[in-house]
Structure formats: C-alpha cells, structure tokens
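J.: Handing you this structure, nothing more for now.
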Amino acid sequence: MNQLSGKIGLRRVGAVIGGILAFILAGHLGSATASDWSETDVQILNGTRFRDPGNPHDVTKTTVTLQHVSGYAYGRNYFFVDSYWGTKNAPRANDIYGEYYHYLSLGKITGAKFGEGVLKDVSLTAGVNAGASTRGAATRVLLYGVTLDFAVPGFSYFNVDLLAYDDRSQFNGVQTRYRNSYQVTPVWRLPFSIGPTHWSFEGFCDFIGARGQGTVNQTLCQPQLRLDVGQLVSGRRDAFYIGTEYQYWRNKYGIDGLNESFPNIMAVVKF
C-alpha cells in the first residue's frame with residue numbers, strides 16, 4: 001500500500017468512528033433518561049493466527065472492544081466498537097469496526113404474553129454494521145428482522161436474531177454490487193460456578209448467506225470463557241475477568257477457503 005492510500009484509509013477510519021458514535025447517540029437520545037438497566041465493558045484480546053485477504057501469513061492482532069447494552073421501557077439497545085491493531089505480518093493493517101442494534105419488544109409494547117413456555121418475547125430488530133481499514137475496505141451493512149428471546153434453564157439470556165442482510169460495502173470508494181442475503185445469530189450467556197470460582201460462558205455465532213460476486217456462506221463464532229478474577233482477589237463480583245475467546249471464522253468475508261480457528265487471550269473490565 002502506498003502512503004497516499006494509507007492516509008485515505010485512516011481518514012475513512014475517522015469518518016466511520018464519527019458515524020458510529022452519531023448513530024449511537026441518536027438512538028439513545030429518546031431512551032437514555034428512562035434506561036432500566038445497562039452494562040458496559042472494555043475487552044482487550046490478542047491472537048496470533050488471524051488471516052487477511054491476499055496475505056499468505058498468519059497475522060498477530062490486538063483487539064480493543066467497547067461493548068454496551070441497555071434496556072428501557074420498550075426494548076433494548078446494543079452496540080460494540082472494535083479497534084484492531086496488526087503487530088506481526090500486517091503491522092500497518094489498523095482497522096475499526098462497529099455494530100449497533102435496536103430491539104423493539106412486542107411484549108413490552110403490546111402487553112402480549114408469550115406464555116410460560118420456551119419463547120419469552122419477540123422483538124422487531126434493526127441494525128447497522130460499519131467499518132474501515134487502512135487496506136481500503138469500508139463495511140456498510142443494514143440489517144432488519146426479528147429477534148426471539150428464549151427461556152433456557154441456567155442461561156442469563158439466549159436470543160436468536162433472524163435478519164435480512166443488505167450489504168452496501170465499498171472498496172477504495174467503489175460500492176460492491178452484492179445481493180441481499182440473510183443473517184441468523186444466536187447470542188447467549190451461561191454463568192456457572194466451580195467451587196469458590198465464578199465463570200461465564202457467553203458469545204455469539206453469525207451464519208451469513210452468500211451475497212453473490214463469488215461469495216459463499218460464512219460462519220463466524222466467538223464464544224468466550226471468562227473467570228471472575230475480581231471476585232477472587234477483592235470480593236467484588238462481575239467487575240474484572242480474564243479468559244479466552246475462540247475465533248472461528250469459516251469463509252471469512254464470504255471468501256471460499258479463508259478460514260480462522262484459534263484462541264485469543266482476553267481481559268475484560270466491566271462498568
């Protein structure tokens with residue numbers, strides 16, 4: 001990559017940061033003062049076997065993630081922003097990527113009861129994915145559909161998103177002509193204890209259909225196993241964790257045969 005294209009990529013990164021934050025603020029203006037609950041954390045991860053398009057070598061990256069979820073009278077908001085820093089075999093590949101989703105609960109809006117069975121609630125869901133890279137890629141995806149909330153014994157939550165996937169991404173300023181597809185995403189959290197220690201097994205899997213232009217179906221799973229270290233050291237629960245996130249990405253970006261499968265080490269601070 002020449003110096004000019006690198007500078008252009010960094011400007012795109014800045015523009016995406018601003019766009020994501022503006023979108024988040026707009027989504028929260030109406031509900032921030034009426035928030036019933038919220039949870040925010042910062043995650044730092046490091047992995048050594050990332051794969052990038054056109055790069056035959058494994059790439060080492062450090063990821064810093066800001067994640068937030070909050071609930072209010074009619075639903076909930078969720079977002080995260082990832083910043084990736086290549087440190088080996090792609091040291092200048094600095095990327096930023098974020099997702100925002102709003103869930104409008106039909107149960108809360110209409111007062112409908114979904115019974116005492118497995119299904120707890122149904123939400124109308126809308127989201128946006130956006131990102132930028134010093135390599136020239138600019139992710140732009142709109143998602144919309146429904147989310148099913150399930151009551152699964154032992155789980156804090158177990159939800160499944162059923163979404164349309166409208167990919168409007170660009171490369172070097174030119175929009176790629178993808179066709180609409182789908183995304184199915186189960187999301188879960190399972191807290192448990194082993195003796196005096198407290199753990200959490202949580203994460204998600206994205207199943208995304210082919211979008212034309214030579215793409216194929218892709219699967220991205222990032223399950224995390226967290227140990228509550230804050231509780232062990234200071235007695236403060238749910239504040240500081242260490243653990244691992246397993247990165248499994250089959251056909252990354254929809255590219256046939258571009259696969260990742262490896263653990264990241266991870267530290268998490270919750271607010």
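J.: Any chance you could count how many residues in the stretch 110-149 are touching a residue at least 24 places away in the same chain (Cβ under 8 Å), more than 26 Å from residue 97 (Cβ to Cβ) and open to solvent by 50 Å² or more (accessible area, probe 1.4 Å)?
T.: Residues that pass the stated criteria total 3.
J.: Restricted to the stretch 179-212, and to residues that are more than 17 Å from residue 162 (Cα to Cα) and surrounded by 15 or more Cβ atoms within 10 Å (Cβ to Cβ), which residue is farthest from the chain's Cα centre (by Cα)?
T.: 198
J.: When only residues in the stretch 54-77 that are part of a strand (DSSP E or B) and of a type in the set (Ser, Thr, Tyr) count, which is surrounded by the fewest Cβ atoms within 10 Å (Cβ to Cβ)?
T.: First, pick out the residues of the stretch 54-77 that are part of a strand (DSSP E or B): 59-72, 75-77.
Going one step further and asking which of them are of a type in the set (Ser, Thr, Tyr), we end up with 60, 62-63, 65, 70, 72.
Details: 60: 17, 62: 14, 63: 20, 65: 19, 70: 18, 72: 19.
Among those residues, the one meeting the criterion is 62.
J.: I want to confirm something. Restricting to the stretch 220-271 and keeping residues that are part of a strand (DSSP E or B) and touching a His at 6+ places or on another chain (Cβ under 8 Å), which single residue is least open to solvent (accessible area, probe 1.4 Å)?
T.: 228
J.: Can you name the residue in the stretch 60-104 that is of a type in the set (D, E, K, R) and over 12 Å from the mean Cα position of the chain (by Cα) and is also farthest from residue 145 (Cα to Cα) among such residues?
T.: Filtering the stretch 60-104 for residues of a type in the set (D, E, K, R) gives 61, 76, 82, 88, 92, 95, 99.
Remaining after also requiring over 12 Å from the mean Cα position of the chain (by Cα): 61, 76, 88, 92, 95.
Values: 61: 33, 76: 15, 88: 39, 92: 37, 95: 28 Å.
Here the residue is 88.
J.: Any chance the stretch 183-199 includes a residue that's assigned to a loop (DSSP other than H, G, I, E, B) and touching a strand residue (DSSP E or B) at 6+ places or on another chain (Cβ under 9 Å)?
T.: Taking every residue of the stretch 183-199 in turn, none turns out to be assigned to a loop (DSSP other than H, G, I, E, B) and touching a strand residue (DSSP E or B) at 6+ places or on another chain (Cβ under 9 Å).
J.: Would you point out which residue out of 202, 245 is under 23 Å from residue 42 (Cβ atoms) and touching a residue at least 60 places away in the same chain (Cβ under 8 Å)?
T.: Answer to the selection: 245.
J.: What's the number of the condition residue 24 fails, among (1) open to solvent by 70 Å² or more (accessible area, probe 1.4 Å); (2) at pLDDT below 50?
T.: It is condition (1) that residue 24 fails.
J.: Looking at (1) modelled with pLDDT under 95; (2) more than 25 Å from residue 42 (Cα to Cα), which one does residue 235 not meet, given that it meets all the others?
T.: Among (1) modelled with pLDDT under 95; (2) more than 25 Å from residue 42 (Cα to Cα), the lone unmet condition for residue 235 is (2).
J.: Report, by residue number, each residue of the stretch 219-246 that is over 30 Å from residue 257 (Cβ atoms) and either of a type in the set (Ser, Thr, Tyr) or touching a Gly at 6+ places or on another chain (Cβ under 8 Å) (or both).
T.: Once the filter is applied, which keeps residues that are over 30 Å from residue 257 (Cβ atoms) and either of a type in the set (Ser, Thr, Tyr) or touching a Gly at 6+ places or on another chain (Cβ under 8 Å) (or both), the stretch 219-246 yields 226, 227, 234, 236, 237, 238, 239, 240, 241.
J.: I've got another one for you. Please go through the stretch 85-97 and pick out each residue that is more than 21 Å from residue 143 (Cβ to Cβ), part of a strand (DSSP E or B) and open to solvent by less than 50 Å² (accessible area, probe 1.4 Å).
T.: 86, 94
J.: Give just the number: which of (1) modelled with pLDDT of 90 or more; (2) closer than 20 Å to residue 137 by Cβ; (3) surrounded by fewer than 17 Cβ atoms within 10 Å (Cβ to Cβ); (4) not polar (S, T, N, Q) does residue 51 not satisfy?
T.: Result: residue 51 passes all but (3).
The values are calculated or read from the model by the stated rules, or taken from the named source; none is laboratory data. This structure is a prediction, so every number in the text was calculated from the model and none was measured. When we count neighbours, we look across all protein chains shown, and the Cβ atoms used for this are built from the backbone with ideal geometry, even at glycine. Accessible surface areas use protein heavy atoms only, side chains included; no ligands, DNA or RNA. Shrake-Rupley method; radii C 1.70, N 1.55, O 1.52, S 1.80 Å.
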